[in-house]
Amino acid sequence: MAGIDLVELKTLKDFYALMAASREVRRRAVACLVEGRSVDGDITASLSNLLASLEAVEEVDGRKRLSLGGGRTIGLDMGYEIDEARKDIFYLEEGEETFLEMLADFHPDFDEHVNRGRELLRGVDLNCLVTDRDGTVNDYCARYLTSIQSVYNAVFLTRFARIHVSRPVILTSAPLDGLVHISVSPDGEFYYAASKGRECMDREGAVRRLAISAEKQAAMDGLNARLTELAGRAEYEKFTLIGSGLQFKFGQSTVARQDINGSIDKAESARFLAVLEALTAELDPEARNFRIEDTGLDVEIILTVETEGEGLKDFDKGDGVKFLNGELGLGLADGASLICGDTSSDVPMLEAALGLSPDARAIFVTGKKELAERVTGLTDAALIVPEPDMLVTILGTL
């Protein structure tokens with residue numbers, strides 16, 4: 001089986017290829033661990049080569065420097081990729097008990113938060129888990145396509161899904177292909193829901209989608225054509241290389257205007273937001289087809305939906321939960337569920353679940369007081385933790 005050799009990363013393409021290779025190595029490791037088998041001998045060596053290759057990239061002004069071709073270079077933060085490789089190597093070499101001790105040393109009040117989470121869930125039979133990915137059960141990465149799930153993360157989540165949940169769902173705003181290709185849990189363990197829940201892959205691998213009218217799809221196609229043209233201009237190309245880049249999803253499109261490290265000048269980022277707002281207004285002057293959601297990092301341009309009592313609105317994750325509940329038979333109205341998120345865009349998932357059953361529980365990952373108060377104000381069965389590793393450990397060691 002293919003492993004990873006020590007390589008010299010020169011171009012952005014080299015970097016993406018290396019991280020794609022790390023996905024296959026990690027999938028092999030997870031498959032061994034969740035089935036109680038010894039991990040293949042070359043896996044830790046491959047991850048060590050991954051780490052060494054990343055660390056060896058030349059650094060300029062605190063950023064790893066790679067070529068884009070044509071004499072151009074780009075500075076990258078590879079903190080996520082390097083940190084997760086280190087953690088995976090430690091996990092495989094030292095074992096789970098020592099790994100958890102390391103997490104406890106690294107994160108203040110780790111054990112306290114984990115114990116509170118275990119108490120919230122202890123003895124509860126969950127019909128369903130619905131969780132966001134990035135910032136919730138996975139640390140944030142500066143680029144979506146290199147945010148490959150780590151071995152320990154996949155083992156902990158898969159263990160929880162197998163033992164405690166009838167129907168586990170990962171629900172994100174990302175496109176479905178992207179979500180599947182950065183995940184390393186064994187096939188068939190999770191439902192993968194993307195584009196805020198408009199599309200999903202079930203545990204048999206079949207793709208299901210919420211229908212979009214021909215008129216709305218034509219509007220989306222027109223928008224995407226203009227976004228592609230915009231991204232091809234030299235002055236805007238950089239926005240396709242940071243954070244989420246340019247993503248065409250089902251029923252919405254995402255354009256990054258900043259990344260988690262603030263790589264783009266604030267004024268330039270604000271100007272790009274204004275360009276996207278003007279483009280959307282030009283294509284949809286009566287605001288019937290699109291709504292813009294600006295996270296500060298990404299600009300989401302979302303197709304509207306007609307809802308009873310609310311009229312036209314942007315499609316949110318609550319709408320996605322309701323669609324998936326019916327489409328996949330999640331049973332949210334039939335018992336307890338667990339909803340996990342890390343931003344205000346995840347709150348509609350909890351609201352939708354509570355609207356179906358008061359037995360819904362929540363664990364949110366945030367240090368923001370306003371969001372924490374909003375979540376705990378919806379249900380007494382809610383817990384706030386500051387780090388994704390805490391949530392993952394709660395689930396994986398329950």
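Overview of results
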| item | result |
| --- | --- |
| Given (1) open to solvent by less than 10 Å² (accessible area, probe 1.4 Å); (2) in contact with a Cys (Cβ under 7 Å, 6 or more places away or on another chain); (3) under 29 Å from residue 51 (Cα atoms); (4) not basic (Lys, Arg), index of the condition residue 193 fails | (3) |
| Which listed residue, of 228, 295, is β-branched (Val, Ile, Thr) and closer than 20 Å to residue 197 by Cα | 295 |
| Filter pass, residue 319 being surrounded by 18 or more Cβ atoms within 10 Å (Cβ to Cβ) and within 30 Å of residue 166 (Cα to Cα) | yes |
| In the range 357-383, the residues that are within 21 Å of residue 174 (Cα to Cα) and not in a strand (DSSP E or B) | 366 |
| Qualifying positions in the range 196-218 - in contact (Cβ under 8 Å) with a residue 24 or more places away in the chain and either open to solvent by less than 20 Å² (accessible area, probe 1.4 Å) or not in a helix (DSSP H, G or I) (or both) | 196, 197, 198, 199, 200, 201, 202, 207, 208, 209, 210, 212 |
| Unmet requirement for residue 255, which otherwise passes all of (1) open to solvent by less than 50 Å² (accessible area, probe 1.4 Å); (2) part of a loop (DSSP other than H, G, I, E, B) | (2) |
| The range 153-189, subset in a strand (DSSP E or B) and more than 17 Å from residue 23 (Cβ to Cβ), residue farthest from the chain's Cα centre (by Cα) | 166 |
| Scope the range 333-353; condition of a type in the set (A, V, I, L, M, F, W, C), open to solvent by less than 40 Å² (accessible area, probe 1.4 Å) and touching a Ser or Thr at 6+ places or on another chain (Cβ under 6 Å); matching residues | 340, 353 |
| Failed criterion for residue 103 (all others in (1) in contact with a Phe, Trp or Tyr (Cβ under 7 Å, 6 or more places away or on another chain); (2) part of a loop (DSSP other than H, G, I, E, B) hold) | (2) |
| Those residues of the range 75-100 which are surrounded by fewer than 18 Cβ atoms within 10 Å (Cβ to Cβ) and not in a helix (DSSP H, G or I), in sequence order | 75, 95 |
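The values are calculated or read from the model by the stated rules, or taken from the named source; none is laboratory data. Nothing here was measured: the structure is a model prediction, and the numbers come from that model. Neighbour counts run over all protein chains shown; Cβ positions are idealised from the backbone, glycine included. The protein model used for the area step is the full one, side chains on, heavy atoms only, and it has no ligands, DNA or RNA in it. Shrake-Rupley method; radii C 1.70, N 1.55, O 1.52, S 1.80 Å.
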